[in-house]
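The values are calculated or read from the model by the stated rules, or taken from the named source; none is laboratory data. The model shown is predicted, which means the values in this text are computed figures rather than measured ones. Here Cβ is always computed from backbone atoms with ideal geometry, including for glycine, and neighbour counts include all displayed protein chains.
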Amino acid sequence: MIQHAAARNRCITSTLIDVTENVAITDEIIVDGTRVVVFHEIAPQANCRRRITYRTEITGPAAAAEFDPMVTDDFAAVLSALKKLAENI
């Protein structure tokens, strides 16, 4: 489990629900009846490169109004930071 400092200074717990080495990681967060599942899929590419695809499924009473923007708004910044880290390995 991983804990995150979320909006409104609320601590949330992310649980890894599926891990397949070098293939995929799936984590889940459930808050007030709303479930957020993030799929991280890893696909081999030419020249020992990897493509990582992120996909979210958000279901529950506050899915569209509250959780979708909170969960997905920073994906571009997160991916940019991960790209910079990967380029330096």
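Summary table
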item	result
Extreme residue, surrounded by the most Cβ atoms within 10 Å (Cβ to Cβ), among residues of the range 58-86 that are of a type outside the set (S, T, N, Q) and not in a helix (DSSP H, G or I)	58
Odd one out for residue 89 among (1) in a loop (DSSP other than H, G, I, E, B); (2) modelled with pLDDT of 85 or more	(2)
Those residues of the range 45-57 which are assigned to a helix (DSSP H, G or I) and of a type in the set (S, T, N, Q), in sequence order	47
Selection status of residue 55, modelled with pLDDT of 85 or more, loosely packed, with under 10 Cβ neighbours inside 10 Å and not hydroxyl-bearing (Ser, Thr, Tyr)	no
